[in-house]
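Engineer: There's a structure below that I have some questions on.
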Amino acid sequence: MILSVENGCFSYKHSKENLLQDISFSVEPGDLVAILGPNGAGKTTLLRCIMGFLKWNSGKSTLDGEDIRDISYKKLWKDIAYVPQAKSTVAAYTVEEMVLLGRSSHFSMLSLPKEEDLEIVHRVMEEMNLTRFAHKKCSQISGGELQMVLIARALVSEPKILILDEPESNLDFKNQLLILDTMTKLSNQGISCIFNTHYPTHALQRANKSFLLSKSGKYLFGETREVITEKNIERAFGVKAVIGEIETPSNILKDVIPLEITKNSDLDALFDKEELSTDRKVAVVSIITDHSDVSEKINKLLGKNKKYIIGRMGMPYEDRGISIINVTLDAPEYVIQTLVSQLSFLSGVSVKAIYSQVEFKDKENENDK
């Protein structure tokens, strides 16, 4: 199922200018999309417009090409699940009852939940470490715990698209990791996930695509490694930052470290791919996977970069139940980094790139001279 926004514009009644201007993008099955931007840029408003809670002044949101305004309420919310920010809730509900509400689109108002519904509820509660709170009132748990309950409520509906508004807010490190792991797992299963976040690092480490929104209404949407750059962070947030790398035994992770507030941020001048360095590098991308069911996804990603691949060698190592693939590319560095990032999002995949120390001149530019 493909969720799209086509030329969406929105402004509140008291404002003469559009908060969101000419928004267009698509989210495909398995995409994990991070929406980032400074406070007041309209991230939550964007989510509400996407789902139809707020009406676009012009433009539309579609599911597989059909305007969501023409889709019945029950059908729409059987395919989409929404997790708002945890602020308040009805005190009368227990945690188990609140999570069970997420199954309401699967049975009629006058019928009781089936055994299958209860099994799904209990399984998700176990996965989200909520079983010990099952009979507590929602008013008796912390804001972070309530956030986990609302996410569990969304998951039990078994949606095709999951939309979350700042899901990591008020959570400790462990539960932040649990939420990020859950979204990654869902995207690997072909479920689309869209989440607002204040953490560029989470976008770089988990999202294959990102939507960067500025207060001016300008935005940039695309592959995360091409959108979340040091210059874009400075221009959108007014903060000078460095993007560093942390090497783990299986992958190389990106981390964003803020350094200082800049005096002159340019919110209208977000970078795009045309401004990324096109200097080519030769690199070997080494891939180890223990999941045969991701081979098709690996081949699809490599196929998209076919014009840059100058060598490929793969072999199964049956004694250990793994496959090893080495791919040599001659490509712009951002292309190599994007490929490595996309591969790292796949379940059971370890991947690293090794770059040649030899500098290469672009032959096309040499010929132009």
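Engineer: I'd like the trypsin sites (Lys or Arg not before Pro) in the stretch 27-83 restricted to DSSP loop residues with at most 12 other Cβ atoms within 10 Å, sorted by number. Show your work: numbers first, answer last.
Structural biologist: Values: sites: Lys43, Arg48, Lys55, Lys60, Arg69, Lys74, Lys75, Lys78; in loops: Lys55.
Passing both the DSSP loop test and the Cβ count: Lys55.
Engineer: Over 24 Å between Cα atoms: which of Lys240/Lys307; Lys185/Lys352; Lys16/Lys240 fall into that group?
Structural biologist: Working: Lys240/Lys307 35 Å; Lys185/Lys352 21 Å; Lys16/Lys240 32 Å.
Too far apart for the 24 Å limit: Lys240/Lys307; Lys16/Lys240.
Engineer: Please calculate how many Å² of accessible area the chain carries per residue, with a 1.4 Å probe and no DNA, RNA or ligand atoms counted.
Structural biologist: On the way: 19740 Å² over 369 residues.
On a per-residue basis, 53 Å².
Engineer: Next question, about the same structure. Explain nothing, just compute: Karplus ³J(HN,Hα) = 6.51 cos²θ - 1.76 cosθ + 1.60, θ = phi - 60°, for every residue of the stretch 321-336 in order, whole Hz, x for Gly and Pro.
Structural biologist: Karplus-based 3J(HN,Hα) across the stretch 321-336 equals x, 10, 10, 10, 10, 10, 10, 9, 10, 10, 7, x, 4, 5, 5, 5 Hz.
Engineer: May I pose another question? For the stretch 306-318, what does the Karplus curve 6.51 cos²θ - 1.76 cosθ + 1.60, with θ = phi - 60°, yield as ³J(HN,Hα) per residue in whole Hz, taken in order and with x for Gly and Pro?
Structural biologist: Working through the residues one at a time gives 3, 5, 9, 7, 10, x, 8, 9, x, 7, x, 10, 5 Hz.
Engineer: Listed highest first by mean packing, meaning other Cβ atoms within 10 Å per residue, what order do 327-333, 317-323 come in?
Structural biologist: Working: 327-333: 19.4, 317-323: 11.6.
The peptides rank, most packed first, as 327-333, 317-323.
Engineer: Only one of the values [x] 23.8; [y] 21.4; [z] 22.4 was calculated from this structure for Kirkwood radius over Cα pairs in Å; name its label.
Structural biologist: Read-out taken from this structure: [z].
Engineer: Can you return the lysines within cross-link range of Lys114? Criterion is Cα-Cα under 21 Å, with same-chain partners fewer than 8 residues away left out.
Structural biologist: Counting by Cα, and skipping residues close in sequence, Lys114 has these lysines nearby: Lys74, Lys75, Lys78.
Engineer: Report the relative contact order of the stretch 1-114, percent, no decimals, based on alpha-carbon pairs under 8 angstrom and at least 6 residues apart.
Structural biologist: Working: 119 pairs, mean separation 28.9, N = 114.
In percent, rounded to a whole number, it is 25.
Engineer: May I pose another question? Where does helix 173-188 land angle-wise versus the long Cα axis of the chain, in degrees 0 to 90, nearest 10?
Structural biologist: 80
Engineer: Across the stretch 121-136, in residue order, what do the Karplus-derived ³J(HN,Hα) couplings come to in whole Hz, using 6.51 cos²θ - 1.76 cosθ + 1.60 with θ = phi - 60° and x for Gly and Pro?
Structural biologist: 4, 5, 5, 5, 4, 5, 5, 9, 6, 10, 4, 5, 9, 3, 9, 7
Engineer: Of all the accessible heavy-atom surface of the chain, with the other protein chains kept in place and a 1.4 Å probe, what percent is carbon and sulfur?
Structural biologist: Numbers: 9860 of 19740 Å².
The computed percentage sits at 50.
Engineer: Arranged from highest to lowest average of other beta-carbon atoms within 10 Å per residue, in what order do the peptides 342-354, 204-216, 131-143, 227-239 appear?
Structural biologist: Working: 342-354: 19.2, 204-216: 22.9, 131-143: 14.3, 227-239: 21.2.
Highest-to-lowest ranking by the protection proxy: 204-216, 227-239, 342-354, 131-143.
The values are calculated or read from the model by the stated rules, or taken from the named source; none is laboratory data. Given the structure is predicted, the values throughout are model-derived calculations rather than measurements. Ideal geometry is used to build each Cβ from the backbone, glycine not excepted, and the neighbour counts take in all protein chains shown. We work out accessible area using only protein heavy atoms, side chains counted, and drop any ligands, DNA or RNA first. Shrake-Rupley method; radii C 1.70, N 1.55, O 1.52, S 1.80 Å.
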